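I have placed the structure first, in the form of structure tokens, so that the comments after it can refer back to it.
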Amino acid sequence: MVLFFTDSLSKCVFSKPFVLKEDVLQVLRIRSEEAGDVIILPEDHHLTFFNGPFMETINDMSSEDLSLFVEFCTGYNYLPHDEKFVIQVEFSLDDRDSLPESHTCEQHLVLPRSAYNLDKNLFKKKLYEAMSYTRRLMTMN
């Protein structure tokens with residue numbers, strides 16, 4: 001009961017009552033890395049995937065799916081009131097079309113290097129599969 005109260009209180013105090021599509025789209029960033037004085041940008045097909053199939057998939061989500069996506073990436077089912085808050089999307093060195101991974105402490109979503117060969121349907125299938133596994137794990141208590 002205390003956990004429910006704390007979660008509800010956090011949601012009321014630190015966020016909007018609903019996860020809105022515009023807010024989710026606004027916090028998503030593709031990760032680039034700094035190496036000394038040089039910024040290493042993602043590969044071209046990663047940018048194409050991020051701006052195309054990735055954003056289209058997020059844009060097509062229902063409110064419930066958006067909450068699940070945010071929870072998958074952050075561990076929270078809400079977006080905090082923090083202008084510095086971002087969910088970073090990065091690409092691993094793994095070339096297999098594996099499930100997306102999330103690092104909730106850092107708010108990172110990690111996708112395979114292949115970027116699902118720019119296939120929106122494959123990405124959507126893998127993302128929803130990963131989110132449903134996570135949801136089941138979080139509700140096992």
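The values are calculated or read from the model by the stated rules, or taken from the named source; none is laboratory data. Just so you know, these numbers come straight off a predicted model, no measurement behind them. Methodologically, a virtual Cβ is constructed for each residue, glycine included, from the backbone with ideal geometry; neighbour enumeration extends over all protein chains shown.
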**Report entry** Enumeration of residues in the stretch 81-96 that are surrounded by fewer than 17 Cβ atoms within 10 Å (Cβ to Cβ) and not small (Gly, Ala, Ser)
**Finding:** His81, Asp82, Glu83, Lys84, Phe85, Val86, Leu93, Asp94, Asp95, Arg96
Query raised in the report: Among the residues of the stretch 126-135, is any farther than 16 Å from Val19 by Cα, of a type in the set (Asp, Glu) and out of contact with any Gly (no Cβ under 8 Å at 6 or more places or on another chain)?
Result: yes
Report summary line: Of the residues in the stretch 41-50, those that are without any contact (Cβ under 8 Å) to a residue 40 or more places away in the chain and either farther than 15 Å from Leu109 by Cα or more than 16 Å from the chain's Cα centre (by Cα) (or both) number 2
Query raised in the report: When residues of the stretch 80-98 are filtered for being out of contact with any Leu (no Cβ under 6 Å at 6 or more places or on another chain), closer than 19 Å to His45 by Cβ, at pLDDT 85 or above and among the aliphatic types (A, V, I, L, M), how many remain?
Result: 0
Report summary line: Scanning the stretch 49-64 residue by residue, those of a type outside the set (Val, Ile, Thr), crowded, with 17+ Cβ neighbours inside 10 Å and within 18 Å of Met131 (Cα to Cα) turn out to be Pro53, Phe54, Met61
Report task. Might you let me know whether the stretch 117-126 holds any residue that is crowded, with 18+ Cβ neighbours inside 10 Å and either within 10 Å of the chain's Cα centre (by Cα) or modelled with pLDDT under 95 (or both)? Result -> no
Query raised in the report: Is it true that Glu106 is closer than 16 Å to Phe49 by Cα and touching a strand residue (DSSP E or B) at 6+ places or on another chain (Cβ under 8 Å)?
Result: no
